[in-house]
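Enquirer: This structure is in structure tokens; I'll ask about it shortly.
The values are calculated or read from the model by the stated rules, or taken from the named source; none is laboratory data. From a predicted model like this one, the values you see are computed outputs, not experimental measurements. Cβ placement follows ideal geometry from the backbone for every residue including glycine, while neighbour counts extend to all protein chains displayed.
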Amino acid sequence: MAKNLTNLTAGQLERELAQRINGLYRSQLNHQPARVNCQLSDNRLTVVIEDVVTQPEKLLNDSGDIALVEQIRLRIDEIIRPHLQELVEDILGVAVLDFLSDVTINTGRGGMIIILERAPTLRTPQAASR
């Protein structure tokens, strides 16, 4: 059942994005990140994901097979990126022009900078309180 995502504030959209990104990682990778933080700023969306590295990646990293871990993470990111892009476009109602991402295996953090075609239409918080 799809939510009505029209006429939401930036904070509401950021929370919806964070929840859906977390759900995507859970459903696609059977891994739940500890935290997903999204921040909209004009036509840019930044996403920081805590504990994005999966248990098999951690195990391989701990065994010293860093090159293999990096190769696996790159492939995971390539596979999940279209799903993330579709999710962002669906929620914000704006096309994605560029999608930059990286993961630091040792810290378990991942980040994305997503450039949008234009700023999404937002409801101001004052209008939301009426």
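Residue-wise test of (1) among the hydrophobic types (A, V, I, L, M, F, W, C); (2) loosely packed, with under 12 Cβ neighbours inside 10 Å; (3) farther than 17 Å from Ala18 by Cβ.
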position: Asn61; (1), (2), (3): no, no, yes
position: Asp65; (1), (2), (3): no, no, yes
position: Val69; (1), (2), (3): yes, no, yes
position: Ile72; (1), (2), (3): yes, no, yes
position: Pro82; (1), (2), (3): no, yes, yes
position: Ser101; (1), (2), (3): no, no, no
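Enquirer: Sticking with this structure for a sec: Could you tell me which of the residues Leu17, Leu87 is more than 15 Å from Asp102 (Cα to Cα), in contact with a strand residue (DSSP E or B) (Cβ under 8 Å, 6 or more places away or on another chain) and of a type outside the set (Val, Ile, Thr)?
Expert: Details: Leu87 fails: in contact with a strand residue (DSSP E or B) (Cβ under 8 Å, 6 or more places away or on another chain).
Going through Leu17, Leu87 in turn, just one is more than 15 Å from Asp102 (Cα to Cα), in contact with a strand residue (DSSP E or B) (Cβ under 8 Å, 6 or more places away or on another chain) and of a type outside the set (Val, Ile, Thr): Leu17.
One line per residue, one yes/no per condition, for (1) touching a Leu at 6+ places or on another chain (Cβ under 7 Å); (2) in a strand (DSSP E or B):
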residue: Arg20; (1), (2): yes, no
residue: Tyr25; (1), (2): no, no
residue: Gln28; (1), (2): no, no
residue: Pro33; (1), (2): no, no
residue: Val52; (1), (2): no, no
residue: Gly64; (1), (2): no, no
residue: Gln71; (1), (2): no, no
residue: Ser101; (1), (2): no, yes
residue: Asn106; (1), (2): no, no
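Enquirer: Criterion first (touching a strand residue (DSSP E or B) at 6+ places or on another chain (Cβ under 8 Å) and either in contact (Cβ under 8 Å) with a residue 40 or more places away in the chain or aromatic (Phe, Trp, Tyr) (or both)) does Glu50 satisfy it? Can you show your working first?
Expert: On the way: touching a strand residue (DSSP E or B) at 6+ places or on another chain (Cβ under 8 Å): yes; either in contact (Cβ under 8 Å) with a residue 40 or more places away in the chain or aromatic (Phe, Trp, Tyr) (or both): yes.
Yes.
Enquirer: Still on this structure, I have one more. Can you name the residue in region 108-130 that is part of a helix (DSSP H, G or I) and out of contact with any helix residue (DSSP H, G or I) (no Cβ under 8 Å at 6 or more places or on another chain) and, of all such residues, is surrounded by the most Cβ atoms within 10 Å (Cβ to Cβ)? It would help to see each step written out before you state the result.
Expert: Filtering region 108-130 for residues part of a helix (DSSP H, G or I) gives 125-128.
Remaining after also requiring out of contact with any helix residue (DSSP H, G or I) (no Cβ under 8 Å at 6 or more places or on another chain): 126-127.
Working: Gln126: 8, Ala127: 10.
It comes out as Ala127.
Residues are listed down the side, and each one gets a yes or a no for (1) at pLDDT 95 or above; (2) closer than 19 Å to Pro82 by Cα; (3) crowded, with 17+ Cβ neighbours inside 10 Å:
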residue	(1), (2), (3)
Asn4	no, no, no
Asn7	no, no, no
Arg15	yes, no, no
Ala18	yes, yes, yes
Tyr25	yes, yes, yes
Ala34	yes, no, no
Cys38	yes, yes, yes
Arg44	yes, yes, no
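Enquirer: List the residue pairs whose Cβ atoms are under 9 Å apart, where the first residue sits in region 89-114 and is among the hydroxyl-bearing types (Ser, Thr, Tyr), the second is buried (at least 17 other Cβ atoms within 10 Å of the Cβ) and assigned to a strand (DSSP E or B), and the two are 6 or more positions apart or on different chains.
Expert: That search, which allows pairs on different chains as well, returns Ser101/Val47; Ser101/Gly110; Ser101/Met112; Ser101/Ile114; Thr104/Gly110.
Enquirer: In region 85-108, is there at least one residue being charged (D, E, K, R) and farther than 21 Å from Ile49 by Cβ? Full working, then the answer.
Expert: Taking region 85-108 and keeping what is charged (D, E, K, R), we get 86, 89-90, 98, 102.
Among the residues that remain, those that are also farther than 21 Å from Ile49 by Cβ are: none.
For region 85-108, residues charged (D, E, K, R) and farther than 21 Å from Ile49 by Cβ: absent.
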